[in-house]
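See structure below.
The values are calculated or read from the model by the stated rules, or taken from the named source; none is laboratory data. The structure presented is a predicted model; accordingly, all values stated were derived computationally and were not measured. Positions of Cβ are generated from backbone atoms using ideal geometry, with glycine treated the same way; all protein chains shown enter the neighbour counts. Accessible surface is based on the protein model in full, side chains and every heavy atom, while ligands, DNA and RNA are left aside. Shrake-Rupley method; radii C 1.70, N 1.55, O 1.52, S 1.80 Å.
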Amino acid sequence: TYVVTDACIKCKYTDCVDVCPVDCFHEGPNFLAIDPEECIDCSLCVAECPISAIYAEDDLPKGQENFLALNAELAKNWPVITEKIDPLPDHADWAEVKDKLQYLER
Ligand code: SF4
Ligand code: F3S
């Protein structure tokens with residue numbers, strides 16, 4: 001499966017959802033999660049994210065391995081999103097910020 005990681009938090013550009021052939025993105029207040037049971041590993045979403053927040057599960061950045069389980073958990077609770085929407089209002093201020101897990105809203 002592919003995994004949405006830390007960079008997405010508080011940005012949520014949603015370009016990724018437009019290209020997913022199996023609609024496996026789920027939307028929370030300030031983050032998206034991929035359902036690992038639906039993702040077919042096509043990798044199309046990776047290039048769409050303007051801040052490179054999506055990785056293959058075997059290629060997760062050091063320290064972000066926990067996002068694999070987090071995506072699986074959150075995808076269960078959040079509704080599917082299939083069309084791009086506006087990014088969060090403060091996206092530009094947060095795009096370069098690291099370690100945003102503390103700001104994740106469920
Ligand atoms: Fe969807 Fe493909 Fe990305 Fe998986 S890798 S989330 S199937 S676009
Ligand atoms: Fe997040 Fe990037 Fe998609 S910021 S919503 S993973 S386009």
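Points to keep in mind about this one:
- Cβ-derived FRET efficiency at R0 22 Å, Asp18 paired with Glu38, nearest 0.05: 0.85
- Here is the list for the range 69-106: GluC sites (Glu not before Pro) lying in DSSP coil, each with at most 15 other C-beta atoms within 10 angstrom of its C-beta, are Glu83, Glu96, Glu105.
- Share of carbon and sulfur in the accessible area of the range 1-94 stands at 48%, probe radius 1.4 Å.
- Looking at the range 27-60, the GluC sites (Glu not before Pro) that sit in a DSSP loop and have at most 11 other Cβ atoms within 10 Å of their own Cβ are Glu37.
- Counted charge near Gly63, where neighbours are those whose Cβ lies closer than 10 Å (Asp, Glu -1; Lys, Arg +1): -1
- A Cα-only calculation for the range 2-86 places Rg and Dmax at 11.1, 30 Å.
- Distance between the modelled labels on Val46 and Asp59, one decimal in nanometres: 0.2 nm (7 Å Cα→Cβ projection).
- Protein heavy-atom accessible surface, 1.4 Å probe, per residue over the chain: 55 Å².
- Rolled with a 1.4 Å probe across the full set of protein chains, the surface gives Asp23 an accessible area near 70 Å².
- Net charge, Ala72 excluded, C-beta distance under 12 Å - Lys, Arg +1, Asp, Glu -1: -4
- Trypsin sites (Lys or Arg not before Pro) restricted to DSSP loop in the range 31-89 with at most 15 other C-beta within 10 Å: Lys62, Lys84
- Working note: 222 nm ellipticity from helices only, DSSP H runs with n ≥ 4, each -39,500 (n - 2.57), summed and divided by the residues of the chain, gives -5500 deg cm²/dmol to the nearest 500.
- When the square roots of the Cα gyration tensor eigenvalues are ordered a ≥ b ≥ c, the ratio a/c for the range 1-41 is 1.5 or more and a/b exceeds b/c, which makes its shape prolate.
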